[in-house]
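Since the structure comes first, as structure tokens, the remarks are kept for the end.
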Amino acid sequence: MYRDTLMRRLGMLRLYDGRFSGNCWKIRILLTQLRLEYQRETLDLAAGDAGKPEFLELSRYGRVPALTLEDGRTLVESSAILLYLAEGTRFLPDDRYVRSQIASWMFFEQGDLQRPLAMARVIHIRDLAHQLSQQLERLHADGYIALEKLERCLASLRWLVGGIYTVADLAVAGYVSLATEGGYDLQRFPNIRRWLADVHSQDGWIGIFDKSPYEIT
Ligand SMILES: N[C@@H](CCC(=O)N[C@@H](CS)C(=O)NCC(=O)O)C(=O)O
């Protein structure tokens, strides 16, 4: 099915995503901010679509997001996709040191923040908070350590890198914006809340369930 779809749609960006996925949401935000048209294929992750052989041919880890480029090649991993799309735009400046700092925040997001925030959210969305309370407690412990680090850094920064909004802000803000859905209390992080409000007010920012004006169906 995916191969047929791919052949038909060659020539346009095609995003394979999941409805509730914060990692996919990040890509839709950047595509919108860049005003890039794209086709969207929403997988049914609960039904196991991501593990199907056709999808594994596109996405080697069997995960969304995956982005098929105009020439038919595919990229996976949200941070890699963001960096690819942002290349040559104001969201990813040329300066080598600035770019490395952006990468540094993206590694922090994937290594420290994303899992505890995303997993706690999945547990809440699936209404398993009571049943998995110990697991949730461990996730919250890890998530709060990462959020405290972010809070401390934001005490002296308006934006994460270089004094402007970049893909680093977008990448880190994705799951932080969804943290309360995982039972995190952001009231105790005034710097994060101020920064999130700034990030959300950026031109082209869309909510996780909003349809992008650049999405072609
Ligand atoms: N590090 C990856 C994580 C991607 C990921 O975990 N994707 C989840 C949805 S958010 C997924 O596809 N899960 C497969 C499944 O649920 O079967 C990224 O940032 O793209």
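The values are calculated or read from the model by the stated rules, or taken from the named source; none is laboratory data. Since this is a predicted model, take the numbers as computed values, not measurements. FYI the Cβ positions are ideal-geometry reconstructions off the backbone, even for glycines, and counts take in every protein chain you see. We work out accessible area using only protein heavy atoms, side chains counted, and drop any ligands, DNA or RNA first. Shrake-Rupley method; radii C 1.70, N 1.55, O 1.52, S 1.80 Å.
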Subject >> Heavy-atom accessible area per residue - the chain, 1.4 Å, Å² >> reply: 50
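What FRET efficiency comes out for the pair residue 188/residue 96, r = Cβ-Cβ distance, R0 = 22 Å, nearest 0.05?
Calculated value: 0.05.
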Original post:
What is the Cα coordinate range of the stretch 69-129 on the first, second and third principal axes, sorted by size from largest, in whole angstrom?
Top reply: 44, 31, 16
**OP:** Could you tell me which GluC sites (Glu not before Pro) in the stretch 62-126 are loop residues by DSSP with no more than 12 other beta carbons within 10 angstrom of their beta carbon?
**Re:** 70, 87
**OP:** At a temperature of 10 °C and a viscosity of 1.306 mPa s, determine how fast the chain diffuses translationally according to Stokes-Einstein, using the Kirkwood radius over alpha-carbon pairs as Rh; express D in µm²/s, rounded to the nearest whole number.
**Re:** 88
Original post:
Can you list the trypsin sites (Lys or Arg not before Pro) in the stretch 49-153 that are in a DSSP coil and have 13 or fewer other beta carbons within 10 angstrom?
Top reply: 60, 73, 90, 126
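Contact order normalised by length for the chain, with contacts defined as Cα pairs under 8 Å and 6 or more residues apart; what percent is it?
Reported as a whole number, the value is 27 percent.
Return the carbon/sulfur percentage of the accessible area of the stretch 136-213, one whole number, probe 1.4 Å, all protein chains in place.
Details: 1740 of 3470 Å².
Carbon and sulfur: 50 percent of the exposed surface of the stretch 136-213.
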**OP:** Classify the stretch 39-144 as rounded, prolate or oblate from the Cα gyration tensor: take a ≥ b ≥ c as the square roots of its eigenvalues, call it rounded if a/c is under 1.5, otherwise prolate when a/b beats b/c and oblate if not.
**Re:** oblate
Original post:
In straight Cα distance, which lysines are under 30 Å from residue 52, not counting same-chain residues fewer than 8 positions off?
Top reply: 26, 211
